[in-house]
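Below is one structure, written out as structure tokens, with a few remarks after it.
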Amino acid sequence: QVMLVESGGGLVQPGGSLRLSCTASGYIFSLYAMRWYRQVPGKQRELVATIISGGGTDYTESAKGRFTISRDNAKNTVYLQMNSLNPEDTAVYYCNVLAGTQAYWGQGTQVTVSS
């Protein structure tokens, strides 16, 4: 079955960087777009970045210029490099794949930006 496992979250000071990873299994990773979302308590899950199978990328406005999504198809892994982090980036970050009409999610990884 499809599994997504995120890692790389943690506590970082404002202005710092983190790299999140999401390793996928159970489907042909290279064929599907991958997405990173984030969610804070009491708010809807927000799409942060998308990378399609061909490598094209898209970002929410707040992530442009600071975050970079990438993928390594040989490792079935998608990354989110986050630079210049600020407290508003604090959230649980989830990776996602949409296979047909079925959306799959990882368990999430907590990112906390605080001094």
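The values are calculated or read from the model by the stated rules, or taken from the named source; none is laboratory data. A quick note: this is a predicted structure, and the numbers were derived from the prediction, not measured. Cβ placement follows ideal geometry from the backbone for every residue including glycine, while neighbour counts extend to all protein chains displayed. Keep in mind that these areas ignore ligands, DNA and RNA; they rest on the heavy atoms of the full protein, side chains included. Shrake-Rupley method; radii C 1.70, N 1.55, O 1.52, S 1.80 Å.
Restricting to the stretch 19-29, what's the tally of residues that are open to solvent by less than 70 Å² (accessible area, probe 1.4 Å) and either over 14 Å from Asn96 (Cα atoms) or touching a Cys at 6+ places or on another chain (Cβ under 6 Å) (or both)?
So the count comes out to 1.
Being at pLDDT 95 or above, out of contact with any Leu (no Cβ under 9 Å at 6 or more places or on another chain) and not basic (Lys, Arg) narrows it down to one residue among Gln107, Gln81, Gln44, Gln102; which is it? Full working, then the answer.
Details: Gln107 fails: out of contact with any Leu (no Cβ under 9 Å at 6 or more places or on another chain); Gln81 fails: out of contact with any Leu (no Cβ under 9 Å at 6 or more places or on another chain); Gln102 fails: at pLDDT 95 or above.
Being at pLDDT 95 or above, out of contact with any Leu (no Cβ under 9 Å at 6 or more places or on another chain) and not basic (Lys, Arg) holds for just one of Gln107, Gln81, Gln44, Gln102, which is Gln44.
For the stretch 59-85, which positions are of a type in the set (D, E, K, R), free of Cβ contacts under 8 Å to residues at least 12 places away in the same chain and either part of a helix (DSSP H, G or I) or surrounded by 15 or more Cβ atoms within 10 Å (Cβ to Cβ) (or both)? Spell out how you get there, then give the answer.
Of all residues in the stretch 59-85, those of a type in the set (D, E, K, R) come to 61, 64, 66, 71-72, 75.
Filter again for free of Cβ contacts under 8 Å to residues at least 12 places away in the same chain, leaving 61, 64, 72.
Correct list: Glu61 only.
With respect to Arg38, determine if the residue is charged (D, E, K, R) and within 17 Å of Val113 (Cβ to Cβ).
Details: charged (D, E, K, R): yes; within 17 Å of Val113 (Cβ to Cβ): yes.
The answer is yes for Arg38.
I need every pair where a residue in the stretch 95-107 that is closer than 10 Å to Val2 by Cα and open to solvent by less than 40 Å² (accessible area, probe 1.4 Å) has its Cβ under 7 Å from the Cβ of a residue that is modelled with pLDDT of 95 or more and of a type in the set (Asp, Glu), sequence separation at least 6 or different chains.
Correct list of pairs: Gly106/Glu6.
Scan the stretch 9-18 and tell me whether some residue there is polar (S, T, N, Q), open to solvent by less than 70 Å² (accessible area, probe 1.4 Å) and at pLDDT 95 or above.
Step one: of the stretch 9-18, the residues polar (S, T, N, Q) are 13, 17.
This time we only want the ones that are open to solvent by less than 70 Å² (accessible area, probe 1.4 Å), so: 17.
Those still in the list that are at pLDDT 95 or above too: 17.
Yes; the residues of the stretch 9-18 include at least one that is polar (S, T, N, Q), open to solvent by less than 70 Å² (accessible area, probe 1.4 Å) and at pLDDT 95 or above.
In the stretch 86-94, is there at least one residue being open to solvent by 40 Å² or more (accessible area, probe 1.4 Å) and hydrophobic (A, V, I, L, M, F, W, C)?
no
Only one residue in Tyr37, Tyr27, Tyr104 is of a type outside the set (D, E, K, R) and under 16 Å from Gly9 (Cβ atoms). Which one?
On the way: Tyr27 fails: under 16 Å from Gly9 (Cβ atoms); Tyr104 fails: under 16 Å from Gly9 (Cβ atoms).
Answer to the selection: Tyr37.
So, of the residues in the stretch 36-53 that are out of contact with any helix residue (DSSP H, G or I) (no Cβ under 6 Å at 6 or more places or on another chain) and of a type in the set (S, T, N, Q), which turns out to be least open to solvent (accessible area, probe 1.4 Å)?
Once the filter is applied, the top-ranked residue is Thr50.
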